[in-house]
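S.K.: A single structure is presented below for examination.
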Amino acid sequence: MRRFWWMAVIAAAVGAVCLAVAADGAGTFTDKRDGKTYRTTVIGGKTWMAENLNYETPDGSWCYSDKLSASYCDKYGRLYDWKTAKRACPSGWRLSTRQDWDDLGLAIGCEKKVDPHNNGFYWFAAASKLQSTSGWWINGGDEYGFSALPGGHYFFPESKFWAIRGHGFWWTATEKDSGSAYSLMISVTNGALGEYPELKNNRNSVRCVRD
């Protein structure tokens, strides 16, 4: 919880803005494994899925709250542990990396800063640029067609789901150490996109990038 308090203070203290950069294009992709169709967007020369992945793996993925909450999956996608997230994207796509998110922040012109309190980084004013126009307690402008959704999170140490509609968490394929990997977070309490290491047993959303 401490990370969110500090991010709110930082975002409020510095009135940074992002430079205006247009998205390069939009389209759709159909996952042949289950027939689901996803919107896509091209930002900074990279094609991203513009929805959270909703592919049910044999194990290691959940709908928010429990495996039976299909309505959450339909809207917000599934939550995955890190090991499963790494292999969940369809053929021709891959789990986004730490570098992919760096490139995304650069493409939309937002300033990256060190968060000294949480061993991470954040991009000023990026959240509202990437957030979807619905589904959040406070919606964003979705200026690049990325449509970031607040799918919540499963916090392994406390064994509970939380923060749906208020926070979005996305895994990267980038490992920090044997027990943790980097993830990205958007919260309604501030205007930043934050990057932090977290336990691989936690459960987060997945955004795939085209190979």
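The values are calculated or read from the model by the stated rules, or taken from the named source; none is laboratory data. From a predicted model like this one, the values you see are computed outputs, not experimental measurements. Please note: Cβ atoms are built from the backbone with ideal geometry, for glycine as well, and neighbour counts cover all protein chains shown.
S.K.: For the stretch 171-185, give me each residue that is more than 17 Å from L106 (Cβ to Cβ) and under 11 Å from the mean Cα position of the chain (by Cα).
M.R.: Of the residues in the stretch 171-185, the ones more than 17 Å from L106 (Cβ to Cβ) are 171, 173, 175-181, 183, 185.
Of everything in the stretch 171-185, those that are more than 17 Å from L106 (Cβ to Cβ) and under 11 Å from the mean Cα position of the chain (by Cα) turn out to be W171, S183, M185.
S.K.: Evaluate the following for L184: is it crowded, with 19+ Cβ neighbours inside 10 Å and either in a loop (DSSP other than H, G, I, E, B) or in contact (Cβ under 8 Å) with a residue 24 or more places away in the chain (or both)?
M.R.: Numbers: crowded, with 19+ Cβ neighbours inside 10 Å: yes; either in a loop (DSSP other than H, G, I, E, B) or in contact (Cβ under 8 Å) with a residue 24 or more places away in the chain (or both): yes.
For L184, the condition - crowded, with 19+ Cβ neighbours inside 10 Å and either in a loop (DSSP other than H, G, I, E, B) or in contact (Cβ under 8 Å) with a residue 24 or more places away in the chain (or both) - is met.
S.K.: Next question, about the same structure. Of a type in the set (G, A, S) and either buried (at least 21 other Cβ atoms within 10 Å of the Cβ) or within 21 Å of Y182 (Cβ to Cβ) (or both): which single residue out of G140, G145 fits that description? Break it down stepwise before answering.
M.R.: Details: G145 fails: either buried (at least 21 other Cβ atoms within 10 Å of the Cβ) or within 21 Å of Y182 (Cβ to Cβ) (or both).
None of the other options fit; the residue is G140.
S.K.: Another question, then. Taking the stretch 30-61, which residues are surrounded by 18 or more Cβ atoms within 10 Å (Cβ to Cβ) and part of a strand (DSSP E or B)? Lay out the reasoning, then the answer.
M.R.: Initial filter on the stretch 30-61 (surrounded by 18 or more Cβ atoms within 10 Å (Cβ to Cβ)): 31, 38, 40-43, 47-55, 61.
Matches in the stretch 30-61: Y38, T40, T41, V42, I43, T47, W48, M49, S61.
S.K.: Further question: Under 8 Å between Cβ atoms, which residue pairs at least 6 apart in sequence (or on different chains) link something in the stretch 108-125 that is over 11 Å from G194 (Cα atoms) with a partner that is assigned to a strand (DSSP E or B)?
M.R.: I108/I43; C110/W123; C110/L193; E111/W123
S.K.: Somewhere in the stretch 135-154, is a residue outside any loop (DSSP other than H, G, I, E, B), out of contact with any Ser or Thr (no Cβ under 7 Å at 6 or more places or on another chain) and not small (G, A, S)?
M.R.: First pass over the stretch 135-154, keeping only residues outside any loop (DSSP other than H, G, I, E, B): 148, 152-154.
Applying the additional criterion that residues be out of contact with any Ser or Thr (no Cβ under 7 Å at 6 or more places or on another chain) yields 152-154.
Okay, now just the ones that are also not small (G, A, S), so 153-154.
Looking for residues that are outside any loop (DSSP other than H, G, I, E, B), out of contact with any Ser or Thr (no Cβ under 7 Å at 6 or more places or on another chain) and not small (G, A, S), one finds at least one in the stretch 135-154, hence yes.
S.K.: From the list S96, S65, S71, which one is without any contact (Cβ under 8 Å) to a residue 12 or more places away in the chain and of a type in the set (S, T, N, Q)? It would help to see each step written out before you state the result.
M.R.: Values: S96 fails: without any contact (Cβ under 8 Å) to a residue 12 or more places away in the chain; S65 fails: without any contact (Cβ under 8 Å) to a residue 12 or more places away in the chain.
Going through S96, S65, S71 in turn, the sole match is S71.
S.K.: Does K86 qualify as being under 18 Å from the mean Cα position of the chain (by Cα), within 24 Å of P157 (Cα to Cα), among the charged types (D, E, K, R) and at pLDDT 95 or above?
M.R.: Values: under 18 Å from the mean Cα position of the chain (by Cα): yes; within 24 Å of P157 (Cα to Cα): yes; among the charged types (D, E, K, R): yes; at pLDDT 95 or above: yes.
Criteria met by K86.
S.K.: Give the residue, chosen from S187, S205, that is under 16 Å from A85 (Cα atoms) and hydroxyl-bearing (S, T, Y).
M.R.: Details: S187 fails: under 16 Å from A85 (Cα atoms).
Exactly one of S187, S205 is under 16 Å from A85 (Cα atoms) and hydroxyl-bearing (S, T, Y), namely S205.
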